[in-house]
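None of the figures in this text is laboratory data; all of them are computed from the coordinates on show. Keep in mind it's a predicted model, so treat the numbers as computed, not measured. A quick note on method: Cβ atoms are made from the backbone with ideal geometry, for glycine too, and the neighbour counts reach across all protein chains shown.
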Amino acid sequence: MARVIKSERNRPYLIQVGGQNIAICACGLSKNKPYCDGTHKITRDEEESKIYAYDENRNKIVIQVLDEEGKTVDLPTEILPE
């Protein structure tokens, strides 16, 4: 099953449990969820005005919305990352 997840954070949440530091995935790409495996590093060059998806091999894909004539549609700013 495929799904699109909106994630605006490109670094993990760091928490302390019993005196130990733990990194919790916030990018949604870790293969060791809920723990961070460092995959967020591949998101560092993302542009704010674009929407990205990643396949099962973590290959980056830029998402474009096209109208019925095949022209690119600019998405409303309320659904773009801030």
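Loop only per DSSP, at most 14 neighbouring Cβ atoms within 10 Å: give me the trypsin sites (Lys or Arg not before Pro) in the range 9-43, ordered by residue number.
Working: sites: Arg9, Lys31, Lys41; in loops: Arg9, Lys31.
Of the trypsin sites (Lys or Arg not before Pro), the ones in loops of the range 9-43 whose Cβ has at most 14 other Cβ atoms within 10 Å are Arg9, Lys31.
How far apart, in nanometres, would the label points at Lys50 and Ile24 be if each is projected 7 angstrom from Cα along the Cα-to-Cβ direction?
So the label points at Lys50 and Ile24 sit 3.1 nm apart.
Taking a ≥ b ≥ c as the square roots of the Cα gyration tensor eigenvalues, with a/c under 1.5 meaning rounded and otherwise prolate when a/b beats b/c, else oblate, which class fits the range 13-79?
Cα axes put the range 13-79 in the prolate bin.
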